[in-house]
Amino acid sequence: MAQDPLVIFTPSGKRGRFPVGTPVLTAARQLGVDLDSVCGGRGICSKCQITPSYGDFSKHGVHVAQDALSEWNAVEERYDRVRGLKTGRRLGCQATVQSDVVIDVPPESQVHRQVVRKAAADRVIEMDPATRLFYVEVAEPDMHDPTGDQQRLAKALFAQWEIADLEVDPKILPVLQKVLRKGDWKVTVALHRTHAEARPRLIALWPGLHEAGIFGLAIDLGSTTIAAHLTNLDTGAVVTSAGIMNPQIRFGEDLMSRVSYAMMNPGGEREMTAAVREAIDTLTTDIAKEAEIDTGSILETVFVCNPVMHHLLLGIDPVELGQAPFALATSDALHLSAVELGLTALPASARIYILPCIAGHVGADAAAVALAEQPGKSEDLALIVDVGTNAEILLGDTSRTLACSSPTGPAFEGAQISSGQRAAPGAIEAIRIDPDTKEPRFRVIGCDLWSDEDGFAEATAQTGITGICGSGIIEAVAEMRMAGLLDPSGLIGSAEATGTGRSLPAGRTHEYLIYDGTAEGGPKITVTQGDIRAIQLAKSALYAGARLLMDTRGVDQVDRVVLAGAFGAHISPKHAMVLGMIPDVPLDKVTSAGNAAGTGARIALCSLKARREIETTVRRITKVETAIEPRFQEHFVAANAIPHATDPFPELKKVVTLPQVSFNVGGDGSGGGRRRRRS
């Protein structure tokens with residue numbers, strides 16, 4: 001008998017089989033996918049917009065045909081005619097499943113929209129922006145002086161500001177005369193210079209004295225999240241920060257899946273480029289609206305990103321990055337205009353700066369971390385770990401800096417986790433488990449109370465308790481190990497073995513119950529054996545990369561560890577160490593840098609000196625390639641244990657005593673059965 005079609009939702013990763021003719025909204029509701037609908041599926045509110053993806057998806061093992069969803073119906077045609085649907089969008093309440101399909105739920109269609117935690121860190125920056133404002137009074141045209149308006153503007157700039165050799169952006173020339181006359185020959189001009197080229201370039205002008213300021217965007221273009229910091233180019237102050245999910249996630253949750261999509265689907269790289277540029281335009285419009293400024297005053301953007309995202313942003317096929325020797329099309333810093341990059345929300349003349357890449361798998365985001373954290377200027381040996389779907393790791397002091405990239409996958413982001421979700425209101429972000437009673441208490445995003453405190457139920461009534469995000473699953477696994485619910489190999493014990501009814505049988509393994517809201521129509525949130533395995537794989541890759549750099553330096557210890565990235569400010573050093581994410585150091589030597597890549601982007605946005613510095617620095621960083629180093633695999637296997645199979649972790653033992661437990665694999669929930677073979 002033929003199977004029902006498989007429906008896979010991204011970015012949640014939830015999947016299930018449904019009969020032909022099932023509305024996408026119905027499938028989403030049955031799977032617990034976060035898809036909004038206010039009108040109850042009547043095709044009125046348009047909240048349930050979705051984007052189907054077509055082609056071969058090797059990661060999911062499916063081929064999505066062009067007719068995987070039903071044809072447009074009259075409701076969708078009417079809505080598109082009256083209010084408009086973005087290209088490729090469908091209404092989830094109207095489109096029905098016809099065959100296997102991959103469906104992306106865009107951020108604006110999610111009930112629990114993501115809270116981007118890549119906030120800009122406070123940092124003193126020596127302001128030296130590439131774009132500056134100048135007020136100038138220009139001589140009026142004269143019958144006896146046949147020079148053009150551009151030439152008289154240039155002459156006035158030299159006379160009043162000693163600025164010579166003016167270049168005018170071609171996009172500005174058509175409006176030059178109108179603005180000069182509207183301002184009665186008094187104008188404010190925005191001039192841009194690069195650190196390599198002293199010639200000033202006119203990229204914007206306003207009649208009279210422009211007092212509303214000019215702004216720039218520092219954008220950390222990550223595999224999962226695009227985070228932007230709107231920055232005042234005069235003061236360096238962050239006006240506001242915002243973020244959006246990277247829509248490329250529907251083509252693959254990790255970088256190699258996206259490279260694979262480009263390999264297997266002709267034109268796939270162009271699809272991914274278009275998707276990410278559209279998302280950047282949306283983010284630009286949204287952040288300007290939030291700050292109540294005109295997008296015309298955003299005159300500069302700095303991008304940091306990993307090499308695959310770097311190539312896809314630029315419209316370069318990333319296939320070469322998926323195979324040795326992992327060659328970049330270019331590793332230099334790039335200077336472009338918004339129109340050259342195909343960004344339409346910014347002024348066409350706005351300038352783009354993309355930081356240099358270090359090597360094939362260590363990109364501009366790692367360069368930005370190096371700019372922000374300065375490992376090459378550290379007197380002690382510092383290990384800097386930028387945790388994400390693809391982790392960038394730096395190890396350095398004043399003598400030498402090393403860098404590598406480690407494929408941790410999306411588990412740290414809450415993906416590939418049974419009850420996982422992105423960081424949003426209602427998601428469990430922190431958890432503690434009593435080692436005696438084995439009872440959990442937790443805190444969710446959007447509420448400062450713990451679940452066992454008075455008022456928690458009332459405080460979370462609006463958001464509900466919806467799932468568990470990346471920081472929550474990391475703490476959950478570490479807490480389970482400390483409470484004796486999990487043995488060093490990562491096996492969850494039965495109720496009989498652990499002494500708690502929260503350890504539930506799940507086939508031949510067990511799962512730990514954190515929260516059961518099914519009686520009120522909510523979710524049942526558990527940590528399954530599959531979740532443990534996903535976290536083990538992610539943390540092992542992270543640890544192995546760090547150890548590989550230490551091997552290259554010939555050291556067994558580092559002096560301090562800096563956790564950067566989306567999780568840096570949300571993971572306690574204790575839990576990271578119990579899990580075995582990072583090498584053993586005193587806990588007070590583990591600090592958070594927040595979004596160091598975003599901070600580096602903001603520094604580069606505000607300082608030409610910083611751009612010169614990082615372009616010199618990246619040439620001095622030694623790249624270590626994890627993909628071809630045999631020791632990486634050795635470290636990876638040993639790191640599968642929690643916290644580690646061979647590293648004694650003496651500093652951790654000073655603050656935590658881990659239970660000496662060992663569980664068997666048993667399918668009856670009794671804790672009996674054969675021994676589980678270690679990884």
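The values are calculated or read from the model by the stated rules, or taken from the named source; none is laboratory data. Predicted model only: the values in this text are computed from it and were never measured. Cβ coordinates were reconstructed from backbone atoms using ideal geometry, including for glycine residues, and neighbour counts include every protein chain displayed. Surface areas here come from the heavy atoms of the whole protein model, side chains and all, with no ligands, DNA or RNA. Shrake-Rupley method; radii C 1.70, N 1.55, O 1.52, S 1.80 Å.
Which condition breaks for E137 when tested against (1) at pLDDT 90 or above; (2) closer than 30 Å to M245 by Cβ?
(2)
Would you call A338 at pLDDT 95 or above, buried (at least 23 other Cβ atoms within 10 Å of the Cβ) and out of contact with any Asp or Glu (no Cβ under 9 Å at 6 or more places or on another chain)?
It is true that A338 is at pLDDT 95 or above, buried (at least 23 other Cβ atoms within 10 Å of the Cβ) and out of contact with any Asp or Glu (no Cβ under 9 Å at 6 or more places or on another chain).
Pick from region 218-235 the residues that are over 27 Å from F57 (Cβ atoms) and open to solvent by less than 10 Å² (accessible area, probe 1.4 Å): which of them is modelled with the lowest pLDDT?
L233
Scan region 73-98 for residues that are open to solvent by 70 Å² or more (accessible area, probe 1.4 Å), in a loop (DSSP other than H, G, I, E, B) and without any contact (Cβ under 8 Å) to a residue 12 or more places away in the chain and jot them down.
Matches in region 73-98: T87 only.
Report the residue count in region 609-655 for those that are under 28 Å from the mean Cα position of the chain (by Cα), closer than 30 Å to A483 by Cα and open to solvent by 50 Å² or more (accessible area, probe 1.4 Å).
Looking only at that region, the number is 2.
Could you tell me whether F215 is over 30 Å from F326 (Cβ atoms), open to solvent by less than 20 Å² (accessible area, probe 1.4 Å) and among the aromatic types (F, W, Y)?
yes
Out of everything in region 55-69 that is assigned to a loop (DSSP other than H, G, I, E, B) and touching a residue at least 40 places away in the same chain (Cβ under 8 Å), what residue ends up being least open to solvent (accessible area, probe 1.4 Å)?
If we take residues in region 55-69 being assigned to a loop (DSSP other than H, G, I, E, B) and touching a residue at least 40 places away in the same chain (Cβ under 8 Å), then A68 is least open to solvent (accessible area, probe 1.4 Å).
Which of the residues that make up region 247-285 are in contact with a strand residue (DSSP E or B) (Cβ under 6 Å, 6 or more places away or on another chain), crowded, with 17+ Cβ neighbours inside 10 Å and assigned to a helix (DSSP H, G or I)?
Hits for region 247-285 are I249, R250, A279, L283.
Examine region 498-510 for a residue that is assigned to a helix (DSSP H, G or I) and either of a type outside the set (F, W, Y) or open to solvent by less than 10 Å² (accessible area, probe 1.4 Å) (or both), and state whether such a residue exists.
Scanning region 498-510, I find at least one residue that is assigned to a helix (DSSP H, G or I) and either of a type outside the set (F, W, Y) or open to solvent by less than 10 Å² (accessible area, probe 1.4 Å) (or both), so the answer is yes.
Taking the options G568, G598, name whichever one is modelled with pLDDT under 95 and part of a loop (DSSP other than H, G, I, E, B).
Among G568, G598, only G568 is modelled with pLDDT under 95 and part of a loop (DSSP other than H, G, I, E, B).
Counting just the residues of region 656-679 that are modelled with pLDDT of 90 or more and more than 14 Å from A478 (Cα to Cα), which one comes out surrounded by the most Cβ atoms within 10 Å (Cβ to Cβ)?
Selected residue: F663.
All but one of (1) closer than 30 Å to D588 by Cβ; (2) of a type in the set (G, A, S); (3) surrounded by fewer than 19 Cβ atoms within 10 Å (Cβ to Cβ) hold for A370, so report the exception by its number.
(3)
Name the residue that is farthest from V82 (Cα to Cα), counting only residues in region 19-54 that are of a type in the set (D, E, K, R) and surrounded by 19 or more Cβ atoms within 10 Å (Cβ to Cβ).
Among residues in region 19-54 that are of a type in the set (D, E, K, R) and surrounded by 19 or more Cβ atoms within 10 Å (Cβ to Cβ), the one farthest from V82 (Cα to Cα) is D34.
For V102, only one of the following conditions fails: (1) touching a Pro at 6+ places or on another chain (Cβ under 9 Å); (2) part of a loop (DSSP other than H, G, I, E, B). What is its number?
Just one mismatch for V102, condition (2).
So, in region 388-403, how many residues would count as being more than 20 Å from the chain's Cα centre (by Cα) and among the polar types (S, T, N, Q)?
The total comes to 3.
Being among the small types (G, A, S), within 48 Å of the chain's Cα centre (by Cα) and farther than 18 Å from I203 by Cβ is the filter here; which residues of region 142-165 pass it?
Hit for region 142-165 is A159, nothing else.
Could you check region 177-212 and list, in sequence order, the residues that are over 30 Å from A367 (Cα atoms) and surrounded by fewer than 18 Cβ atoms within 10 Å (Cβ to Cβ)?
Correct list: Q177, K178, R181, K182, D184, K186, P207, G208, L209, E211, A212.
Do any helices (runs of 4 or more DSSP H) lying entirely in region 608-659 carry at least 2 residues that are under 30 Å from G236 (Cβ atoms), and which ones are they?
608-617
Is it the case that some residue within region 419-426 is in a strand (DSSP E or B) and modelled with pLDDT of 90 or more?
Checking region 419-426: not a single residue is in a strand (DSSP E or B) and modelled with pLDDT of 90 or more.
Residues of region 233-246 being more than 12 Å from P107 (Cα to Cα) and part of a loop (DSSP other than H, G, I, E, B), which ones?
Hits for region 233-246 are L233, D234, T235, G236, A237.
In region 435-451, is there at least one residue being of a type in the set (K, R), in a loop (DSSP other than H, G, I, E, B) and either open to solvent by 10 Å² or more (accessible area, probe 1.4 Å) or in contact with a helix residue (DSSP H, G or I) (Cβ under 6 Å, 6 or more places away or on another chain) (or both)?
Scanning region 435-451, I find at least one residue that is of a type in the set (K, R), in a loop (DSSP other than H, G, I, E, B) and either open to solvent by 10 Å² or more (accessible area, probe 1.4 Å) or in contact with a helix residue (DSSP H, G or I) (Cβ under 6 Å, 6 or more places away or on another chain) (or both), so the answer is yes.
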